[in-house]
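Single-structure report; data block below.
The values are calculated or read from the model by the stated rules, or taken from the named source; none is laboratory data. Note that the coordinates shown come from a computational prediction; the quantities given were computed from them, not determined experimentally. Every residue, glycine among them, receives a Cβ derived from its backbone with ideal geometry; neighbour counts consider all protein chains shown.
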Amino acid sequence: MWKWLHPYAKTQNAYQLCERLLPWFVVSAFISFTLGMVWGLLFAPSDYQQGDSFRIIYIHVPSAILSMGAYSAMAISAFIGLVWQVRTAFMAMIALAPIGAVVTFIALFTGAAWGKPMWGTWWVWDARLTSELILLFLYLGVISLYASFEDKQQAGKAAGVMAIVGVVNLPIIHFSVEWWNTLHQGASITKFDKPSVAPDMLWPLLISILGLALVMAAIFIRRLQNEILRREIHRPWVQALVAEAKGK
Amino acid sequence: MQFESFSAFVDMGGYGFYVWLSFGVSLLALGILAFDAVRQKKVLFNAVEKEQARKIRIKAAKTSATSQVKSSYSETQASPRNEEMKQ
């Protein structure tokens, strides 16, 4: 596997792989995201307690899960970059950070807009909400730390260490609803043995999660390409690439 | 289909404001992110193109300048020498 994977540490190969993958991801992201949203908003039955306000779940839960998923991916990239000195891994890390930050913001915002009609308040300083807010600050910290170094290799190392240290927040977010008393409800779908969501509601939710994941992946692929271009702008292969694209 | 009319769909059982606020802001945020990713690539490509055009201009200016110098040099040098050579 390593032999197969190793060539993609080279930026040119990674860029070309992105170029090949991007259309597939864009198409599948568009289809699954639209399907998830339409199914959730139009066809899923309304909740017997929360009425139609529960439909926020189809954007809130995917964004909350994937805000943590994106953080894990970012931290793994940082780890690969630090341990094996792979420049491309740092580029992947910084391509992911703003996506994760936006998705975390969406999780917080939709949570607030759901909390207002159901809990009677936009925000409470309880464990789940506060730890998710800290996740947003960790993303912003990684982005600004990376931006503050002129030497991007140094920047990758510094931001990478911060990303890895921040992983400690992920189990805190996940278990916050069990460790502390909170307004936020417990996990519903990560109990795989017996999910406590009706299948009619669960299926559109799973598709929404897949859809948002693919949307994020497509944006990530494009952002990784941009980061590679930005760092390798004087390399002959980039010059040739642009000359070819502009010559057409 | 869970809703009987379009207005019922918009109303979301009285929770329309919260539901559409959530979905609107989320789609807007993702849209900005996607749009920025697409735009950045164009910006970078244009920057590379500009740099290439600049290099070509510099090279062209240099070669024309050197050829001018060379030609003026050969003109000034050539004439007396040629005279000498003839003699």
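Each row is one residue, and each column tells you yes or no for (1) of a type in the set (A, V, I, L, M, F, W, C); (2) at pLDDT below 95; (3) touching a helix residue (DSSP H, G or I) at 6+ places or on another chain (Cβ under 8 Å).
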| residue | (1), (2), (3) |
| --- | --- |
| A:A89 | yes, yes, yes |
| A:L96 | yes, no, yes |
| A:V102 | yes, no, yes |
| A:A113 | yes, yes, yes |
| A:P117 | no, yes, yes |
| A:S131 | no, yes, yes |
| A:L135 | yes, no, yes |
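Over 30 Å from A:V103 (Cβ atoms), out of contact with any helix residue (DSSP H, G or I) (no Cβ under 7 Å at 6 or more places or on another chain) and modelled with pLDDT of 75 or more: which single residue out of B:S74, B:S64 fits that description?
Testing whether each residue is over 30 Å from A:V103 (Cβ atoms), out of contact with any helix residue (DSSP H, G or I) (no Cβ under 7 Å at 6 or more places or on another chain) and modelled with pLDDT of 75 or more leaves just B:S64.
Out of A:M216, A:M201, I need the residue that is more than 10 Å from chain B (Cβ to nearest Cβ) and within 28 Å of the chain's Cα centre (by Cα). Which one?
A:M201
Only one residue in A:L170, A:L212, A:L183, A:L206 is surrounded by 21 or more Cβ atoms within 10 Å (Cβ to Cβ) and under 29 Å from A:T130 (Cβ atoms). Which one? Break it down stepwise before answering.
Details: A:L170 fails: surrounded by 21 or more Cβ atoms within 10 Å (Cβ to Cβ); A:L183 fails: surrounded by 21 or more Cβ atoms within 10 Å (Cβ to Cβ); A:L206 fails: surrounded by 21 or more Cβ atoms within 10 Å (Cβ to Cβ).
Only one candidate passes the filter, namely A:L212.
State which residue is nearest to A:M68 (Cα to Cα) when the search covers only the range A:201-248 and only residues that are modelled with pLDDT of 95 or more and among the basic types (K, R).
Taking the candidates together, the pick is A:R223.
Give the residue, chosen from A:F90, A:F109, A:F105, that is buried (at least 17 other Cβ atoms within 10 Å of the Cβ), touching a residue at least 40 places away in the same chain (Cβ under 8 Å) and not charged (D, E, K, R).
Residue meeting the stated conditions: A:F90.
Could you please give the count of residues in the range A:1-51 that are part of a helix (DSSP H, G or I), within 30 Å of A:R87 (Cα to Cα), touching a residue at least 60 places away in the same chain (Cβ under 8 Å) and not aliphatic (A, V, I, L, M)? Lay out the reasoning, then the answer.
Pass one, the range A:1-51, residues part of a helix (DSSP H, G or I): A:2-9, A:11-43.
So of that shortlist, the ones also within 30 Å of A:R87 (Cα to Cα) come out as A:2-9, A:11-29.
Subset that is touching a residue at least 60 places away in the same chain (Cβ under 8 Å): A:8-9, A:11-12, A:14-15, A:18-19, A:21-22, A:25-26, A:28-29.
Cutting the leftovers down to not aliphatic (A, V, I, L, M) gives us A:8, A:11-12, A:15, A:18-19, A:25, A:28.
Summing the residues that are part of a helix (DSSP H, G or I), within 30 Å of A:R87 (Cα to Cα), touching a residue at least 60 places away in the same chain (Cβ under 8 Å) and not aliphatic (A, V, I, L, M) in the range A:1-51 gives 8.
If a residue has to be exposed (fewer than 11 other Cβ atoms within 10 Å of the Cβ) and either in a helix (DSSP H, G or I) or facing chain A (nearest Cβ under 8 Å) (or both) to count, how many in the range B:1-34 make the cut?
Here is the first cut: in the range B:1-34, the residues exposed (fewer than 11 other Cβ atoms within 10 Å of the Cβ) are B:1, B:4-7, B:31.
Still in the list and also either in a helix (DSSP H, G or I) or facing chain A (nearest Cβ under 8 Å) (or both): B:1, B:6-7, B:31.
Adding up the residues that qualify gives 4.
Determine which member of the set A:V238, A:V161 is surrounded by 14 or more Cβ atoms within 10 Å (Cβ to Cβ), within 14 Å of chain B (Cβ to nearest Cβ) and part of a helix (DSSP H, G or I). Step through it out loud before you land on a result.
Details: A:V161 fails: within 14 Å of chain B (Cβ to nearest Cβ).
Just one listed residue meets the conditions, A:V238.
Given the conditions (1) free of Cβ contacts under 8 Å to residues at least 40 places away in the same chain; (2) crowded, with 18+ Cβ neighbours inside 10 Å, report the number of the one that A:L135 does not fulfil.
Condition (1) is where A:L135 drops out.
Restricting to the range A:44-73, what's the tally of residues that are of a type in the set (S, T, Y) and within 8 Å of another protein chain (Cβ to nearest Cβ)?
Selection size over the range A:44-73: 3.
Return the residues of the range A:95-124 that are within 19 Å of the chain's Cα centre (by Cα) and not hydrophobic (A, V, I, L, M, F, W, C); say none if nothing qualifies.
The first filter runs over the range A:95-124 and keeps only residues within 19 Å of the chain's Cα centre (by Cα), leaving A:95-111.
Listed by number, the residues that qualify are A:P98, A:G100, A:T104, A:T110, A:G111.
Go through the range A:219-234 and report how many residues are in contact (Cβ under 8 Å) with a residue 12 or more places away in the chain and more than 7 Å from chain B (Cβ to nearest Cβ).
7
Would the range A:76-83 turn up any residue that is buried (at least 16 other Cβ atoms within 10 Å of the Cβ), over 19 Å from the mean Cα position of the chain (by Cα) and without any contact (Cβ under 8 Å) to a residue 12 or more places away in the chain?
There is no residue in the range A:76-83 that is buried (at least 16 other Cβ atoms within 10 Å of the Cβ), over 19 Å from the mean Cα position of the chain (by Cα) and without any contact (Cβ under 8 Å) to a residue 12 or more places away in the chain.
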